[in-house]
Amino acid sequence: MMPTNRGTCALACCLLAGPVLGAVGHGPSANELFADAIDAGRQRVVKLYGATIGREKAYGCGVLVSADGKIVTVLSVLLEGRHVRAVLWDGRELPVRILARDERRQLALLKIEAGHLPFFELTSSGDLTPGDWVIAATNAFKVAEGSEPVSVSVGLLAGRAHLSARFRARDFPYDGPVLLTDLIVTTPGCAGGALIDARGRLVGVIGKPVVGKLTNTWVNCALPVEEVAALVTAGDVRLGDAPPEPTTRAVAEKPADLGLLLFDVGGHVRPAYVERVRPDSPAWKAGLRPNDLLVSLDGQPITTCEDFERLATRLRAGQRVALVVKRGEQLQMLELTVEPPPE
Amino acid sequence: MVVRNTRAGRLESPSSGRMRRARRLRSFWAATGAIQVAFAYGADDDLALVRQHEAARVETLARAAHSVVCIYEDRERSGGGSGVVIAPDGYGLTNFHVVASMLESRRGFGGLPDGKLYPLRVLGIDPGGDVAMFKLDGAERFDFLSLADSDELRAGQWVAALGNPFLLAEDYTPTITLGVVSGLHRYQYGQGNLLEYADCIQVSTSINPGNSGGPLVDMTGRLVGVVGRASFEERGRVNVGLGYAVTTNQIRRFLPALRAGRLCEHGTLGATVELLGDELIFHAVQSLSAAERGGVELGDGLVAINARPVRTPNEYNNVVAVLPAEWPVSLTVRRQGQLRTPHARLARLTLRDVPLFVPDLDVNHAEVRRLLVGYEQADRGAPGRRVASLHGQARTWTPSVPSTPPGGWTFTLTAAEAVSEGGPDAALLTEWYDVVWPLLGGPEVGMGWDARGGDELDGRLAAVVERRLEGGRRVRWKFDFESHELLEATVGNESQPESAVWWPGPRRPCAELRWPHVWRRRTADGAELEIRIESCEVAFESAERVEERAP
Amino acid sequence: MSNLVPKQHRLAGRVALLVLGGAAAAALWAQQPASQPGDEVIRLRDAQQQVFRAALRAVAPCIVRIDTIGGAMPVEEMGAPGEEPVAAPTFRQADGPTTGVIAAADGYILTSSFNFVRDPAVITISLADGRRFVGRLIARDRPAGLTLLKIDARNLPVPHWLPRESLRPGQWALVAGYGHGTATPALSVGVVSALDRLDGRAVQTDAKTSPANYGGPVFDIEGRVMGICVPKAGGEDEIAGVEWYDSGIGFAIHADYVRERLPRLQAGQELERGLAGLRFESAEPVVGVPDPAVPEDGVRIVAVAPGPAADAGLRPDDVITHLNGRPVARLRALRRELVRAAPGDTVQIGFRRAGEQAAVAVTLVRVEELQARAGTTTQPASQPATPTGGPP
């Protein structure tokens, strides 16, 4: 028997409404929206000082990831100095040892000799969604010195993408997933800082200041904490104090032969028009024909022949990919199966 | 599936019907008191909560925007910055560097969001702290912001900057940018000692050229700082998320001097500190410096300044560099294990490249008059006749200094015996008369008068007015800057300007006598006495004069 | 329902509910942890996150991703070190995806002209539901910096446009775009910084706007669209203002302005600034300081170039007081009216000369026509010497 009588409902609702409507004000509580995250960030981000060459800065920051003093930061010239030092939140200055370098992720794992330090657990950024608050704790422009608290700012997780960028006019080696934020974290001193969610958990380590190839603008991003965890558990990284020899890229297998020849018009912009398709090749079986314009592969846009070549080298035998082509004034969706190369 | 907004504000989704039912169910259970309600809010409640918070901010900022000024050098509005009105008569704050080009003419223009352009006058400047004061004319009353206590700020709290970046405000409505406090007590190098931001607020609100001089407000709409700088790097002069504002607590100490149209100077102790281990030690104390005169010795360990703990040389600079010249500071130092509290008055920090700035005497005297009138109103209600009648016989005393200015006022006083030995003599009463007569609006404010700036008495901000008399005598009055109450007055001469201090004693209720009739006096050697005014008669010879003096 | 319960029981029932309701309320109050700001704070923070996400979900169906292929590259940057720069360094546009907004259900898409500087050969548009279409460029609105495209589709979801009157400085403003190659539009949040910027064409926001979201919507916490994001409505130069990307200075062409112009664009009309050949006094009157050269109730003409205004009989020192019947007391009001007019539009100009009021009709022309009549060679319209609608 539910009370459908409106008056009773209204009364009950009024009784409920009081505590609810009185809840939010602008008193001190409204100023504490990000207090947990800020406290967490300030104690677990360290300021780093080291060497400098040219335009590179001799300062930066890093994130504490273990109670005994492991620090994650970005690979940079700063670390090449002989006296790299870390300054903790309480002003303690300690020398730094380099444990590992990750060329692909452009991260470094450092160590200071200290104990019982506050640190970030390396969990997952999985439940962070675009639209969620994020807090950046960094040493931007080295405004904070000694025991002065690091700088904090508040913004959103803007989205997730795979990074395709340049660092000082050269291709940036990391092309994996990144967290995009609408905070400006590409200023000197930000890289290596913490990206924290509203509850104070580390969701990413702020990356180096790179220029995105898709936009030609500075990309404000952070490596998701899952990627950082991979480094810390020393999966695919060389350990040791001495800088390793420059890592060579894993030699790619021979690119799969799709039976496709693109029309190379030369010049700066070379749309990927199909010139020839070999009969019975995977391209032919997928339905590709001469004069088709390749538009995208598995959702990745193809604006130039180079785009296609880059995507094609990643294809493996047996892989099935969705190809979108423009034929005449229509778009066609095709499916292409990569066959193993003939022995 | 594609979903379209079907009515304003609501998304008609399959779940909303479910939510309505859920709400009815909840009311039922609450009404029967059966189950504690878990506040399981649905999407509608989230939106309502966010809307409520948003609406409050919109309203706060709408009100604050009325006080934001778009400052221009000329009527063509070719260049400028921002400012904020802080008093209803049109006094406002901006950065020194915004008005630096207007120093010769002292004239500029201020656009308000009502769409009008008002004449603007530059009053006092503080190049060291990058602050300046202006006054708008052309209206009876202006909307203004009140100053908050900037020490209450916390990192991470929302703040908004209002101003005119890139001079985009064609209609003088300010650009509002929102961010958080990124850091407090930050240091930004200046040029020499100019434009040094020694203890500023770092913010993430977007700050661009043109924002300078504009207000930084908290979410109650009060002023917490004046925005003046930002960090720019590879992208040129475009915001990258770091802006800096001078705190209201720093500016407040300079308000009396700024209103008086003065060129403000900052203070120095004349001593530097260094970290030795954990302790901050005075490792250089200049001879005859403020520190030395205050009793600081080489090797003392600095613990606190004005009760604020100081742990690093940066913090030391933060605290001292923002104080005005001649400001009183109480230091806490450790000497051979003992804590001591020397007191000092800061010396002047000389600025190189100080702009040529001749203080405007009219502005200064206008401020003197404002403080005196304010005193009268604070202490006496409306000026006019005051007659007292109390018992007691007393000697009649007429001041030996001619007291009848053109216009014909007389002033007679009968005073009782002083409490201490010796009794009041003519010299003493003359001194007292010099202190009190101007408070009654006796003498004209003109040559010899000077609004000197600010001071701090018992933690209260005071405005100091000085009058130089014949024979090198000088009298100073220190009024509470907010309430205009007279805190104390000093009498002295050239070499010792404040050799005797007078202050009003506790008042006893008396229906007719509304200004203090007990005065206390203390000299440098500690001698104190009290004068009790038993009866006082102020007779105005000219009735017309009385009319003139009514507010 | 109430008939099923006898009357006295109903009364008792109501009393019981009242009493129990009171008890429950008391219990609730008692259980409320005494002033725990933590809970309220978490509540608001979480609610904001939910609302931002929901707003994006609400508007995402109306946001499209634009991929282009081919087209002329913009002016190159400086040559190799040591060489003289071949041209002034400019923003080098990238090849990545851009963003647009569905403007009409029958397949019209609006985007920022920034995304079409290169005049690409091939345009493909992807909708939020994954469908892809070939796009055609229909027309450009140069004063707004908008470009209209068309795809062959029907019944597309259109945004809920917000009228300018409902906007408030300080309210949340979100912007979203595909430029970083994300699967769903990447989001940024800020506030409405000001209304009526850029001669009243744009709302200003401090949400981060950049090539990653130019052409996308600026919307409120309910997903209703305030405007379309542009670098800066310059008109002549589509990429002017891009140097302010991600700076917290961002603009969106008002929904009102967009809707007003859309029919002409749909008809294929290229929209440009309509000019009369007038230059105006740029000084503003100052309160309490009257100046006959700077009137309080109108805008003084400083110069009249050969053109429609001259033909209509307007002369220097005439004071324009009305435009199309509406009073224009200040230059900014005049400019706001004029910026909506296109070549070929006729405007009614009310003016005062020697104390007498009069009115003329002036038919506006394109900047090229003014230049031809002045006998000058082509100049960029941003130079102050060229008669424009007012100071840049």
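The values are calculated or read from the model by the stated rules, or taken from the named source; none is laboratory data. Remember, it's a predicted structure, so these values are computed and weren't measured experimentally. Cβ coordinates were reconstructed from backbone atoms using ideal geometry, including for glycine residues, and neighbour counts include every protein chain displayed.
Given A:Ala136, A:Ala140, A:Ala169, A:Ala144, which one is aliphatic (A, V, I, L, M), farther than 12 Å from C:Leu187 by Cβ and surrounded by fewer than 21 Cβ atoms within 10 Å (Cβ to Cβ)?
Exactly one residue qualifies, and that residue is A:Ala169.
Conditions first: (1) more than 17 Å from B:Asn318 (Cα to Cα); (2) crowded, with 24+ Cβ neighbours inside 10 Å. B:Asp199 passes all but one, so which condition is the exception?
Answer for B:Asp199: the failing condition is (1).
Determine which member of the set A:Ala165, A:Ala169, A:Ala198, A:Ala161 is closer than 18 Å to A:Val228 by Cα, assigned by TED's automatic domain parsing to the domain that holds A:Ala229 and of a type in the set (A, V, I, L, M). Step through it out loud before you land on a result.
Working: A:Ala165 fails: closer than 18 Å to A:Val228 by Cα; A:Ala169 fails: closer than 18 Å to A:Val228 by Cα; A:Ala198 fails: closer than 18 Å to A:Val228 by Cα.
None of the others qualify; the one that does is A:Ala161.
Only residues that are modelled with pLDDT of 65 or more, in a loop (DSSP other than H, G, I, E, B) and among the hydroxyl-bearing types (Ser, Thr, Tyr): list them for the stretch A:236-290, please.
If the condition is that a residue be modelled with pLDDT of 65 or more, in a loop (DSSP other than H, G, I, E, B) and among the hydroxyl-bearing types (Ser, Thr, Tyr), then A:Ser281 is the only one that fits.
Could you tell me whether any residue of the stretch A:36-53 is farther than 29 Å from C:Val41 by Cβ, under 24 Å from the mean Cα position of the chain (by Cα) and assigned to a loop (DSSP other than H, G, I, E, B)?
No; the residues of the stretch A:36-53 include none that is farther than 29 Å from C:Val41 by Cβ, under 24 Å from the mean Cα position of the chain (by Cα) and assigned to a loop (DSSP other than H, G, I, E, B).
Specify the residue that is nearest to the chain's Cα centre (by Cα); the eligible residues are those in the stretch C:294-326 that are in a strand (DSSP E or B) and hydrophobic (A, V, I, L, M, F, W, C).
Residues of the stretch C:294-326 that are in a strand (DSSP E or B), as a first pass: C:299-304, C:319-323, C:326.
Retained after the next criterion (residues that are hydrophobic (A, V, I, L, M, F, W, C)): C:299, C:301-304, C:319-320, C:323.
Details: C:Val299: 26, C:Ile301: 29, C:Val302: 30, C:Ala303: 31, C:Val304: 31, C:Val319: 30, C:Ile320: 27, C:Leu323: 23 Å.
Top of the filtered list is C:Leu323.
Is one or more of the residues making up the stretch A:292-305 loosely packed, with under 12 Cβ neighbours inside 10 Å, more than 12 Å from chain C (Cβ to nearest Cβ) and at pLDDT 80 or above? Spell out the reasoning first.
Quick first cut of the stretch A:292-305, residues loosely packed, with under 12 Cβ neighbours inside 10 Å only: none.
Scanning the stretch A:292-305 turns up no residue that is loosely packed, with under 12 Cβ neighbours inside 10 Å, more than 12 Å from chain C (Cβ to nearest Cβ) and at pLDDT 80 or above.
With the requirement that a residue be more than 13 Å from chain C (Cβ to nearest Cβ) and among the polar types (S, T, N, Q), what does the stretch B:43-81 give you?
Passing the criteria: only B:Ser67.
Being hydrophobic (A, V, I, L, M, F, W, C) and either touching a Gly at 6+ places or on another chain (Cβ under 7 Å) or surrounded by fewer than 24 Cβ atoms within 10 Å (Cβ to Cβ) (or both) is the filter; apply it to the stretch A:197-211 and report the residue that is nearest to the other protein chains (Cβ to nearest Cβ). Reasoning before the result, please.
Looking only at the stretch A:197-211, we keep the residues that are hydrophobic (A, V, I, L, M, F, W, C), and these are A:198, A:202-203, A:205-206, A:210-211.
Checking which are either touching a Gly at 6+ places or on another chain (Cβ under 7 Å) or surrounded by fewer than 24 Cβ atoms within 10 Å (Cβ to Cβ) (or both) leaves us with A:198, A:205-206, A:210-211.
On the way: A:Ala198: 5, A:Val205: 18, A:Ile206: 12, A:Val210: 12, A:Val211: 9 Å.
Among residues in the stretch A:197-211 that are hydrophobic (A, V, I, L, M, F, W, C) and either touching a Gly at 6+ places or on another chain (Cβ under 7 Å) or surrounded by fewer than 24 Cβ atoms within 10 Å (Cβ to Cβ) (or both), the one nearest to the other protein chains (Cβ to nearest Cβ) is A:Ala198.
Tell me whether the stretch B:217-227 contains one or more residues that are of a type outside the set (A, V, I, L, M), within 24 Å of the chain's Cα centre (by Cα) and either part of a strand (DSSP E or B) or on the phi > 0 side of the Ramachandran plot (or both).
Our first condition is that a residue be of a type outside the set (A, V, I, L, M); within the stretch B:217-227, this holds for B:218, B:220-222, B:225.
Checking the rest, the ones that are also within 24 Å of the chain's Cα centre (by Cα) come to B:218, B:220-222, B:225.
Applying the additional criterion that residues be either part of a strand (DSSP E or B) or on the phi > 0 side of the Ramachandran plot (or both) yields B:221, B:225.
Checked against the condition, which is being of a type outside the set (A, V, I, L, M), within 24 Å of the chain's Cα centre (by Cα) and either part of a strand (DSSP E or B) or on the phi > 0 side of the Ramachandran plot (or both), the stretch B:217-227 yields at least one hit.
When you go through (1) acidic (Asp, Glu); (2) under 17 Å from the mean Cα position of the chain (by Cα); (3) surrounded by fewer than 20 Cβ atoms within 10 Å (Cβ to Cβ) one by one for C:Glu243, which number turns out not to apply?
Status for C:Glu243: all satisfied but (2).
Give me a count of the residues in the stretch C:99-153 that are among the polar types (S, T, N, Q), assigned to a strand (DSSP E or B) and within 14 Å of another protein chain (Cβ to nearest Cβ).
At the first step, the residues of the stretch C:99-153 found to be among the polar types (S, T, N, Q) are C:99, C:111-113, C:115, C:124, C:126, C:147.
Next, from what is left, pick out any that are assigned to a strand (DSSP E or B): C:99, C:111-112, C:124, C:126, C:147.
Cutting the leftovers down to within 14 Å of another protein chain (Cβ to nearest Cβ) gives us C:99, C:112, C:124, C:126.
Within the stretch C:99-153, residues that are among the polar types (S, T, N, Q), assigned to a strand (DSSP E or B) and within 14 Å of another protein chain (Cβ to nearest Cβ) number 4.
Give me the strands (runs of 3 or more DSSP E) completely within the stretch B:75-194, filtered to those with at least 3 residues that are over 24 Å from B:Arg252 (Cβ atoms) and either out of contact with any helix residue (DSSP H, G or I) (no Cβ under 7 Å at 6 or more places or on another chain) or in contact (Cβ under 8 Å) with a residue 12 or more places away in the chain (or both), ordered by residue number. So that I can check it myself, show each step before the final result.
Working: elements: B:80-85, B:91-94, B:107-111, B:117-126, B:131-136, B:158-163, B:175-188.
Counting at least 3 such residues, we get B:107-111, B:117-126, B:175-188.
Looking at this structure, is B:Val227 crowded, with 17+ Cβ neighbours inside 10 Å and within 14 Å of chain A (Cβ to nearest Cβ)? Spell out the reasoning first.
On the way: crowded, with 17+ Cβ neighbours inside 10 Å: yes; within 14 Å of chain A (Cβ to nearest Cβ): no.
In short, no.
Looking at the stretch B:338-357, is at least one residue aliphatic (A, V, I, L, M) and either assigned to a helix (DSSP H, G or I) or free of Cβ contacts under 8 Å to residues at least 24 places away in the same chain (or both)?
To start, the set of residues in the stretch B:338-357 that are aliphatic (A, V, I, L, M) comprises B:339, B:344, B:346-347, B:349, B:351, B:354, B:356.
With either assigned to a helix (DSSP H, G or I) or free of Cβ contacts under 8 Å to residues at least 24 places away in the same chain (or both) added as a condition, the list becomes none.
No, every residue in the stretch B:338-357 fails to be aliphatic (A, V, I, L, M) and either assigned to a helix (DSSP H, G or I) or free of Cβ contacts under 8 Å to residues at least 24 places away in the same chain (or both).
For the stretch C:159-169, does any single residue satisfy the condition of being at pLDDT 95 or above and either in a strand (DSSP E or B) or not assigned by TED's automatic domain parsing to the domain that holds C:Arg261 (or both)?
Yes, there is a match, as at least one residue in the stretch C:159-169 is at pLDDT 95 or above and either in a strand (DSSP E or B) or not assigned by TED's automatic domain parsing to the domain that holds C:Arg261 (or both).
Keeping to the stretch A:133-177, report how many residues are over 15 Å from A:Gly207 (Cα atoms) and away from chain C (no Cβ under 14 Å).
Looking only at that region, the number is 13.
One line per residue, one yes/no per condition, for (1) surrounded by fewer than 24 Cβ atoms within 10 Å (Cβ to Cβ); (2) within 9 Å of another protein chain (Cβ to nearest Cβ); (3) at pLDDT 90 or above; (4) in a strand (DSSP E or B):
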| residue | (1), (2), (3), (4) |
| --- | --- |
| C:Thr209 | no, no, yes, no |
| C:Ala212 | no, yes, yes, no |
| C:Gly215 | no, no, yes, no |
| C:Ile221 | yes, yes, yes, no |
| C:Gly227 | no, no, yes, yes |
| C:Gly234 | yes, no, no, no |
| C:Ala252 | no, no, yes, yes |
| C:Asp256 | yes, no, yes, no |
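Among what's in the stretch B:149-203 and is of a type in the set (Gly, Ala, Ser) and either over 22 Å from B:Val238 (Cα atoms) or touching a Lys or Arg at 6+ places or on another chain (Cβ under 6 Å) (or both), pick the residue that is modelled with the lowest pLDDT.
From the stretch B:149-203, those of a type in the set (Gly, Ala, Ser) are B:150, B:155-156, B:160-161, B:163, B:169, B:179, B:182-183, B:190, B:192, B:198; that's our starting set.
Add one more test, that the residue is either over 22 Å from B:Val238 (Cα atoms) or touching a Lys or Arg at 6+ places or on another chain (Cβ under 6 Å) (or both), and what stays is B:150, B:155-156, B:192, B:198.
Numbers: B:Ser150: 96, B:Ala155: 94, B:Gly156: 94, B:Gly192: 69, B:Ala198: 86.
Top of the filtered list is B:Gly192.
If you check B:Ser542, B:Ser483, which single one turns out to be hydroxyl-bearing (Ser, Thr, Tyr) and either in the same structural domain as B:Ser146 (by TED's automatic domain parsing) or modelled with pLDDT under 75 (or both)?
On the way: B:Ser483 fails: either in the same structural domain as B:Ser146 (by TED's automatic domain parsing) or modelled with pLDDT under 75 (or both).
One residue alone meets the criteria, B:Ser542.
Yes/no per residue for (1) of a type outside the set (Gly, Ala, Ser); (2) surrounded by fewer than 16 Cβ atoms within 10 Å (Cβ to Cβ); (3) in contact (Cβ under 8 Å) with a residue 40 or more places away in the chain:
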| site | (1), (2), (3) |
| --- | --- |
| B:Arg262 | yes, no, yes |
| B:Val273 | yes, no, yes |
| B:Glu297 | yes, yes, no |
| B:Gly301 | no, no, no |
| B:Thr312 | yes, no, no |
